[in-house]
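The values are calculated or read from the model by the stated rules, or taken from the named source; none is laboratory data. The model shown is predicted, which means the values in this text are computed figures rather than measured ones. Cβ sites come from the backbone with ideal geometry, for glycine too, and all protein chains shown count toward neighbours.
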Amino acid sequence: MSADPVFADFSTSATDSRYQSLRDSESTGVYTCDSAGVITYYNAQAAGLWGREPARGDTDQRFCGSHMLFRTDGKFLPHYQRPMADVLAGRAAGVYDAEVYIQRPDGSRIIVIVNIAPLTDENGVIVGAVNSFCEHPLRRHPKLRAARF
């Protein structure tokens, strides 16, 4: 886990009190990654949307806690091609209102809207990123939720 205070204890840090409503959201999943893409924090809604609780700090699973991730055209996204990876590598300044499919361990899929912003230090160096995501409200369809591709 990163030694940067932004990630040291995202869930209780007094310096991050401005993020409290986002952290505690019952409708928005939130997670952070350090500059290497290691998940350092996620809230209960993120785990609910992923359908699992990944181990924080697991270096074998980077950039996202979902079981599998797909583009809306159905193409599988390997970890290194995920939107979080693009932000952390500086290939994207941020990702806003992008749609992706999350596949859960049980095989069900949901479409989520993701918003990813880099977190930088005082020198402008990317030290991590935060992703807030929610299920797409217009694409909540029973057949889609049960779909197994």
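I want to confirm something. Restricting to the range 78-88 and keeping residues that are farther than 18 Å from Thr40 by Cβ and modelled with pLDDT under 95, which single residue is surrounded by the most Cβ atoms within 10 Å (Cβ to Cβ)? Only one residue tops the list, namely Gln81. Residue count for the range 98-125 under the criterion of being crowded, with 16+ Cβ neighbours inside 10 Å and within 16 Å of Ala46 (Cα to Cα): the result is 13.
Within the range 116-135, which residues are farther than 18 Å from Leu49 by Cβ and assigned to a strand (DSSP E or B)? Step through it out loud before you land on a result.
Step one: filter the range 116-135 for residues farther than 18 Å from Leu49 by Cβ, giving 117-128.
Those that are farther than 18 Å from Leu49 by Cβ and assigned to a strand (DSSP E or B): Ala117, Pro118, Leu119, Thr120, Ile126, Val127, Gly128.
Restricting the first residue to the range 23-37 and requiring it to be closer than 20 Å to Val87 by Cα and assigned to a strand (DSSP E or B), which pairs with a second residue that is of a type in the set (D, E, K, R) and at pLDDT 80 or above meet a Cβ separation below 9 Å and a spacing of at least six or different chains? From residues that are closer than 20 Å to Val87 by Cα and assigned to a strand (DSSP E or B), the pairs are Gly29/Glu135; Cys33/Arg62.
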